[in-house]
1. Under a point-charge model restricted to the Cβ atoms of Lys and Arg (+1) and Asp and Glu (-1), what is the dipole moment magnitude of the stretch B:12-134 relative to its Cα centre, in debye to the nearest 20?
2. Helix A:31-45 versus the longest principal axis of chain A: what angle, 0 to 90°, nearest 10, using Cα atoms?
3. How much of the pair distance distribution for the protein assembly as shown lies past 34 Å, counting alpha-carbon pairs only, in percent?
4. Charges at C-beta only: +1 for Lys and Arg, -1 for Asp and Glu. How large is the resulting dipole of the protein assembly as shown about its Cα centre, in Debye rounded to 20?
5. May I ask which residue of A:Tyr15, A:Leu39, A:Ala122 lies farthest towards the positive end of the charge dipole of the stretch A:15-140, with charges of +1 (Lys, Arg) and -1 (Asp, Glu) on Cβ and the Cα centre as origin?
6. Near B:Lys118, which lysines are there with a Cα under 28 Å away, not counting those fewer than 8 places off in the same chain?
7. Take peptides B:62-73, A:36-47 and line them up by average Cβ neighbours within 10 Å, highest first, as a rough protection proxy.
8. Over all residues in B:71-81, what is the mean tally of Cβ atoms on other chains that come within 10 Å of each residue's Cβ?
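Any read-out appearing in this document is the output of simple, stated calculations on the displayed coordinates, not a laboratory observation. It should be emphasised that the depicted structure is a prediction, and the values quoted were computed from it without experimental measurement. Note: ideal-geometry Cβ built from the backbone for every residue, glycine included; neighbour counts use all protein chains shown.
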Number of protein chains: 2
Amino acid sequence: MPDEDIPAGNAVVLYVCATCRTAGDTSEPRAGARLVSALREAVTEAAIEGIAVESVDCLSVCKRPCTVAVASEGRWTYVYGDLDPVESARTILAGIGLYAETPDGIVPWKARPEAFRKGVVARIPPFPPPRADRIPDAAE
Amino acid sequence: MPDEDIPAGNAVVLYVCATCRTAGDTSEPRAGARLVSALREAVTEAAIEGIAVESVDCLSVCKRPCTVAVASEGRWTYVYGDLDPVESARTILAGIGLYAETPDGIVPWKARPEAFRKGVVARIPPFPPPRADRIPDAAE
């Protein structure tokens with residue numbers, strides 16, 4: 001799926017909660033750990049460049065498993081929940097492909113995968129705050 | 001309140017959703033905008049250094065007003081909701097004071113203000129991911 005490749009220099013980090021458990025599911029590995037594996041396999045299979053899948057102990061979204069966060073230099077960070085531990089892997093990567101094509105990480109609402117529209121938990125502005133939205137001096 | 005001063009070089013950005021409305025409240029300015037004002041006033045009154053209060057259009061936590069996000073270089077980012085538009089200002093600043101005193105942004109659970117314990121929406125690891133948790137080479 002070449003359309004999901006991340007342009008060089010636009011590296012994206014995908015944090016995945018490995019501790020998430022779906023309701024009533026006591027099996028091991030946990031749903032979150034299964035999502036980490038599914039994402040890493042999908043990235044490898046499709047030879048997608050520029051996405052680092054990072055397993056995280058907890059994203060503090062315990063009521064909406066499975067959960068991920070997407071971050072990138074100069075872009076908004078997004079947190080998503082209510083994700084299927086296996087089936088959502090390709091959807092997540094497709095959504096991140098769109099994210100990486102934007103300058104600020106904001107994908108138009110209608111273009112976002114349904115799982116991202118329904119599952120959004122929070123978004124956080126780029127850090128440090130960009131100054132581009134301020135009126136530049138005449139000399140700039 | 002000198003204990004809430006942020007050590008030099010440890011600047012914290014406090015993103016505040018100015019669009020948040022509490023349930024059934026149609027008054028203007030909105031609850032979120034009132035929280036922005038309350039926080040800025042509290043920072044000025046107490047002459048707290050090292051906190052930048054940034055008004056944001058939306059943090060996508062619309063079901064849990066008011067909402068804020070706390071970010072800092074090399075530290076975890078935290079998102080909090082269910083905050084009172086005025087009364088919570090001092091609590092938020094006290095919590096950020098504790099946050100700024102840590103190397104990674106993780107304040108022990110029991111030390112956190114109750115509003116932060118109950119209101120946590122999500123937390124996101126430092127970006128880019130720190131490498132300090134990996135085993136260094138013998139030469140390092």
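1. 480
2. The two axes meet at around 60 degrees.
3. In whole percent, the long-distance tail amounts to 21.
4. So the magnitude is around 980 debye.
5. Final value for the positive-end residue is A:Ala122.
6. Hits, sequence-local ones excluded: A:Lys63, A:Lys118, B:Lys63, B:Lys110.
7. By packing density, highest mean first, the sequence is B:62-73, A:36-47.
8. Per-residue shielding by partner chains comes out at 3.
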